[in-house]
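S.K.: Got a structure here, written out as structure tokens. Questions coming.
Read-outs throughout are calculated quantities, based only on the coordinates presented, and are distinct from any laboratory measurement. Predicted model, so just to flag it, every value in this text is computed and none were measured. Methodologically, a virtual Cβ is constructed for each residue, glycine included, from the backbone with ideal geometry; neighbour enumeration extends over all protein chains shown.
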Amino acid sequence: YLTDLSTNGTFVNGERVGRNNLIEIQSGDLIQGEEEGVYIHFLPLIFHFLQGFDECFSLQETLGKGNFAVVHKAKNKQNGCIVAVKVVDKSRFAHRPRVMAALQREVGLLMTIDHPCAVGVKQVFQDSSKLYLVMELAEGGELFDRLVQKGRFTEPEARGVFQQLLGAIKYLHDRNITHRDLKPENIMMCHETGWKIKVTDFGLAKLVGENRFLSTLCGTPNYVAPEVLHPVARERAYGKAVDMWSLGVILYIMLCGFPPFSEQLAPPSMKEQILKGLFEFPSPAWDTVSDAAVDLVEWCLTKEPHRRITVDQALAHPW
């Protein structure tokens, strides 16, 4: 239960509680104070990890590998359901308590995700050496693979995917979560045919408050925003606008089949292209793309983050 004892007001899932009022709260509820940018996700027993992963699931083929984890397909022994499991080697963090704490925050963050176009964590198991994050499996492969297969998307196809992406990113941004590593490899197709997608790999995401900005350089170079690559980026604040830049790069690629920034276009270098916002819409690839689509790409790839389109503005764009 929650009692509002504040003087400025407390909100649960956007609804004002009212001073001295007592309400019941549920796992995953979003609690916000009157001060902009202060959020709390209510996660009871969030790190009460379950035991006995091997009794519940059997690991199958490897789907991918990262710095600290391997993702497997797995089968639920009770109901036969196929899931994805991220297996984290805890020994990598044995003498790195800060990294382990960051991992726990990531798990807590993933367990708050509840959106049809985003992959969250459903269960967490652990044993003496490993952490097992059980997630929904999207079986249609990566958006990257679909792009390779088709070369480029029609505008209706690109629009359908982009609308879903904006919906997922709005869900994150409304909760002050920035993904920071959006790219076609982190967008999964739900089925081999059809166009339903799910955003995944929130390993680089952070909770962002008004006065607590992202300050760690990361992300994939082809998709990162200019403010991330800036020479003094470590001393500058950058936030949700980095996701909109990445979405602009993805939309550009979906519409024409090649990236707006590349070392193949050098000189100047790809880094300089991004820093200066140098990109074009070359013929003949862009000849048949609508002006509205081009306009949205340009707004997403606006060099100055304060002028770049927001997720709400993008959702309201005519295209």
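S.K.: How about residue 196: which aspartates and glutamates have a C-alpha closer than 17 Å to its C-alpha, ignoring those fewer than 8 places off in the same chain?
M.R.: Of all the aspartates and glutamates, those that pass the test against residue 196 - Cα under 17 Å, at least 8 places apart if same chain - are 114, 136, 139, 142, 145, 155, 157, 185.
S.K.: By the scheme Lys and Arg +1, Asp and Glu -1, what is the net charge of all other residues having a beta-carbon under 12 Å from that of residue 278? List each step's numbers first, then the result.
M.R.: Working: positive: 271, 276, 303; negative: 272, 280.
Its environment carries a net charge of +1.
S.K.: Let me ask something else. Using +1 on the beta carbon of Lys and Arg, -1 on that of Asp and Glu, and nothing else charged, what's the dipole of segment 224-319 about the Cα centre, debye to 20? Before the final figure, lay out the partial values.
M.R.: Values: 8 positive and 12 negative charges, 74 e Å.
Here the size comes out at about 360 debye.
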